[in-house]
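One structure is given here, and the rest of the page talks about it.
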Amino acid sequence: MNQMPSLLTVDAVLERVATTLADKFSGIFNPETISRYVNESYVALYRTARLNQHLPALTERFATDRLTALAQAKGAIDKPIPEVLFLCVHNAGRSQMAAALMTHHAQGRVNVRSAGSAPGATVSAAAAVLAEIGINLDEAFPKPLTDDVLRAADVVVTMGCGDACPVISGKRYLDWNLADPTGDDLDLARAVRDDIDIRVRALLADLTDQ
């Protein structure tokens, strides 16, 4: 059963995370903004987490990414390379595969994020079929879509989230019609992986003119 850690323990951990990020984002955000982002990120991840012992580390990663995206959207941090955001419903299958494949092929030429309109608890069969081609998803975790991440993106690729994925003017949107590889159907997951791989390579070539 997913039990809430003691509030004293949580508060102490989140305070340490906020202090670390305050140093990292010094001169960009005030400590109050950073503390708010850390606490919001923890609550958002806690809602779907199965194992709470990993939450402090995941919270720091999630809050860091959100604050970086916010700084980029505000122009406080440069964006030397294109930003691509992959969205699906649970951020457990299609968007995770697309993000991992883009990261793998781009080799630092594109910054990649992923999120879900209703994030699940764990990454699905995507991890197994990506492992078959040498891509590791051990560090991946489902994340909710937040406004800061959306606004930082140059290209937003949606995969079945429909009206739950908001549209912001000035962004380039692509909608990829893909099956949802839920459950243990590895053959379906492989087919979706291969389809996504073709699309990712084409998008990368378009973004990098290669």
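Every read-out reported here was derived from the displayed coordinates using simple, explicitly stated rules and does not represent laboratory data. Since the structure is predicted, the reported quantities are computational estimates derived from the model, not experimental observations. Positions of Cβ are generated from backbone atoms using ideal geometry, with glycine treated the same way; all protein chains shown enter the neighbour counts.
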Q.
Every cysteine in the chain with no other Cys Cβ under 4.7 Å from its Cβ, please list them in numeric order.
A. Cys88
Q) When the Cα centres of region 111-173 and region 185-210 are compared, how far apart do they sit, in Å? A) 14
Q.
Rounded to the nearest 20 debye, what is the charge dipole size of region 134-189 about its Cα centre when +1 sits on each Lys and Arg Cβ and -1 on each Asp and Glu Cβ?
A. 400
Q: For the chain, give the magnitude of the charge dipole about the Cα centre (Cβ charges: +1 Lys/Arg, -1 Asp/Glu; no others), in debye to the nearest 20.
A: 340
Q: Kindly identify the chain as rounded, prolate or oblate by the Cα gyration tensor criterion: order the square roots of the eigenvalues as a ≥ b ≥ c, call it rounded if a/c is under 1.5, otherwise compare a/b with b/c, prolate if a/b is larger, else oblate.
A: oblate
Q. For the charge dipole of region 77-204, defined by +1 on Lys and Arg C-beta atoms and -1 on Asp and Glu C-beta atoms about the Cα centroid, which residue among Val84, Val129, Gly170 has the Cα displaced farthest towards the positive pole?
A. Gly170
Q.
Let me spell out the model: positive unit charges on the Cβ of Lys and Arg, negative unit charges on the Cβ of Asp and Glu, origin at the Cα centre of region 85-210. What dipole size does that give, in debye rounded to 20?
A. 360
**Q.** Ordering of 111-123, 30-42, 67-79 by burial proxy (mean other Cβ atoms within 10 Å per residue, highest first)
**A.** 111-123, 30-42, 67-79
(Q) Given axes a ≥ b ≥ c from the Cα gyration tensor, I'd like to know whether region 67-111 is rounded (a/c under 1.5), prolate (a/b larger than b/c) or oblate. (A) oblate
**Q.** Spatially proximal lysines relative to Lys171 (Cα-Cα < 25 Å; intrachain offsets below 8 disregarded)
**A.** Lys74, Lys79, Lys143
Q. Where does the chain land at 222 nm, in deg cm²/dmol rounded to the nearest 500, when only DSSP H runs of n ≥ 4 count, each adding -39500 (n - 2.57), divided by all residues?
A. -16000 deg cm²/dmol
